[in-house]
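Some notes on the structure that comes next.
The values are calculated or read from the model by the stated rules, or taken from the named source; none is laboratory data. None of these values were measured; they are calculated from a predicted model. Cβ: placed from backbone, ideal geometry, glycine included. Neighbour counts: every protein chain shown.
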Amino acid sequence: MAGPRAVPHLVTIAGDEQAATSARVAAFAALEASPGAKGVVAVAASASESSDDEVALAAIDCLAYAVHVDGPPSTAAFDRLAAIALSSTAAVPHRLAALSALDGLPDKHVKPVYDALRADPASRVVARVLRRQSGLMLPLDELVERGLPEDAMLVAAVVREDADETPLTVLRRLVDAVRSRERQGGREHTDQWMAVRGLVHQHLASRASRIAMYDLRETLEQARGPIPVGFLAAVATIGDAACLEPIARAWIEAPTGERWWRDHLMEAFGAIVRREQIHRRHKRLAAILTRWPTAAPLVALAKKSSRG
């Protein structure tokens, strides 16, 4: 804990742009114990705009303590944290840190910030806001264990925040649970939950996991029109040769006017043949051409074999 006499020295170090990152970060950590002291909020507010991520995040952490003290420092800290959270140019991790710093404040203060961010372009920011406003702070593994809530958008928010740290086996169970939800309502209900399932597949693919490949292939096989982009992003990342035929069928059946769908299918097909090193003489590509001769543009994405 920094004593009163040490605070001015720590403020000087924290605000010195020429000082080592480690020294500035340590100074901000020490100043967290004296958030209402003179100069602390001002230097933290300035440093929160630093191009050095470590310094900026340390400054935001310092403001998180200051926002809970009484008096002008709290107001100044709140104004700066709210500005970071609402900034479309601030780095997303900085915005998320600022939102976390506002946790525990009266609803009358944070609600206007949350309301303004519900339609933010940054999906991770929207996810944090939806989750905070709902009060659903259970980690994703507990949510799967206890049963999913009725709001698909809320589940998507939790996935965006937690999926990267959730065990792969839990994500596989989540895929099955979401698919079950898809079957329980009308078209809009189904579309919302299917988008969540695509998002889960996208997170699995980002971790190079094929643990739910069975569901990904089946979804492609059953598709009779555009499906959420998460599925296509996943199949482009981890799809195997068995995915090529359903992709080809979907591409052949897609009306020429559905340019977005056809383009993404072609991109996914090309990504698979390149990653899996599938040449044009491969039996799966031969089968595709035999069944759908007009799929030649897809097969042409594969390299010629060494034998020509």
Which listed residue, of 22, 48, is small (Gly, Ala, Ser) and crowded, with 19+ Cβ neighbours inside 10 Å: 48
Long-range neighbours under 6 Å by Cβ, at least six apart or interchain, first residue assigned by TED's automatic domain parsing to the domain that holds residue 69 and at pLDDT below 95 within the stretch 11-37, second hydroxyl-bearing (Ser, Thr, Tyr) and in a helix (DSSP H, G or I): 32/65; 35/65
Residues being touching a residue at least 12 places away in the same chain (Cβ under 8 Å) and under 24 Å from residue 37 (Cα atoms) - total across the stretch 95-109: 10
Any hit, the stretch 81-93, residues being hydroxyl-bearing (Ser, Thr, Tyr), within 30 Å of residue 218 (Cβ to Cβ) and within 17 Å of the chain's Cα centre (by Cα): no
Where a residue in the stretch 266-288 is over 9 Å from residue 236 (Cα atoms) and its partner, wherever it lies, is loosely packed, with under 15 Cβ neighbours inside 10 Å and of a type outside the set (D, E, K, R), with Cβ under 7 Å and at least six apart: 276/241; 278/241; 279/305; 280/305; 281/305; 284/241
Residue count for the stretch 111-144, restricted to those that are touching a residue at least 24 places away in the same chain (Cβ under 8 Å) and out of contact with any helix residue (DSSP H, G or I) (no Cβ under 8 Å at 6 or more places or on another chain): 1
Which listed residue is without any contact (Cβ under 8 Å) to a residue 60 or more places away in the chain, among the acidic types (Asp, Glu) and farther than 30 Å from residue 167 by Cβ, from 263, 240: 263
Matching helices (runs of 4 or more DSSP H) fully within the stretch 1-56 where at least 3 residues are more than 22 Å from residue 79 (Cβ to Cβ): 7-15, 21-31
Top-ranked residue in the stretch 264-308 [being among the hydrophobic types (A, V, I, L, M, F, W, C) and surrounded by fewer than 18 Cβ atoms within 10 Å (Cβ to Cβ); ranked as nearest to residue 226 (Cα to Cα)]: 266
Any hit, the stretch 69-81, residues being surrounded by 17 or more Cβ atoms within 10 Å (Cβ to Cβ), within 25 Å of residue 160 (Cα to Cα) and assigned by TED's automatic domain parsing to the domain that holds residue 15: yes
Scope the stretch 128-170; condition farther than 16 Å from residue 202 by Cα, in a helix (DSSP H, G or I) and small (Gly, Ala, Ser); matching residues: 134, 152
